[in-house]
Amino acid sequence: MAFQIPIATGRSVTGIPTGRLAVWWVLASEVFIFGGLIASYLMFRLHHPHWGDEAAHTNTVAGAINTFVLLTSSLSVVLAHAAAERGDKDRAAQFLWYTIGGAVMFLVVKSYEYTTEIGHGFHMFRDVFWSFYYTATGLHAIHVIAGAIIMGIVATAVKRGEHLQRVEYIGIYWHFVDVVWIFLFPLLYIAK
């Protein structure tokens, strides 16, 4: 008996590949999580002007470096997608590994930042601002880790010439991670 790919992995009734549709559903739920967190932060920030004094202690340079790193990693995931579309599995996998390198760099900078801030007494229980700060940036870091792990799995398969369409799916997810950071950076680091 020949192996058959289940119909559910083909196209949905919308005509959109089910993998792409699944990623968009996941991201829709993530929008509610981060959207609720950001909306709560903004409402609290408007009623707690002293948060500007607390935000003055965030490391804007580290935040800017991480912004550059994430935007650069978005470029490499776009290049990976373009290579996958051309059928160039080796270049696609290579660019995915560059993106993973960006994720690692982001996490190294974030670790340095957390260590420095906590060492100076700016921990999660100092003020509600810091609770929001560590919750939002920590949740974002978890998404960076998850994206890097999934990207490694996809890169390994792509290198073997398997599932090249998944480069697009992880790319969509990675762009979402970047967009979230684009909201967090000005709210937590610049608006002082």
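Overview of results
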quantity	calculated
Where a residue in segment 55-68 is over 13 Å from V108 (Cα atoms) and its partner, wherever it lies, is outside any helix (DSSP H, G or I) and modelled with pLDDT of 95 or more, with Cβ under 7 Å and at least six apart	H57/F122
Residues satisfying the stated conditions in segment 160-187, i.e. among the hydrophobic types (A, V, I, L, M, F, W, C) and over 16 Å from the mean Cα position of the chain (by Cα)	L164, L187
Residue count for segment 46-64, restricted to those that are assigned to a helix (DSSP H, G or I) and buried (at least 18 other Cβ atoms within 10 Å of the Cβ)	4
For A191: the one exception among (1) under 19 Å from A55 (Cβ atoms); (2) without any contact (Cβ under 8 Å) to a residue 60 or more places away in the chain; (3) loosely packed, with under 15 Cβ neighbours inside 10 Å	(2)
Residue tally, condition touching an Asp or Glu at 6+ places or on another chain (Cβ under 8 Å) and of a type in the set (A, V, I, L, M), over segment 62-82	3
Qualifying residue in segment 65-75 (condition: in contact with a His (Cβ under 7 Å, 6 or more places away or on another chain) and either assigned to a helix (DSSP H, G or I) or farther than 24 Å from A141 by Cβ (or both))	yes
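Listed here are the residues, each with its yes/no results for (1) touching a residue at least 40 places away in the same chain (Cβ under 8 Å); (2) exposed (fewer than 15 other Cβ atoms within 10 Å of the Cβ); (3) in contact with a Cys (Cβ under 6 Å, 6 or more places away or on another chain).
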position	(1), (2), (3)
D88	no, no, no
T115	no, yes, no
I118	no, yes, no
F125	no, yes, no
F132	yes, no, no
T137	yes, no, no
I149	no, yes, no
V154	yes, no, no
V158	yes, no, no
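The values are calculated or read from the model by the stated rules, or taken from the named source; none is laboratory data. Bear in mind the structure is a predicted one, so any value in this text is a computation, not a measurement. A quick note on method: Cβ atoms are made from the backbone with ideal geometry, for glycine too, and the neighbour counts reach across all protein chains shown.
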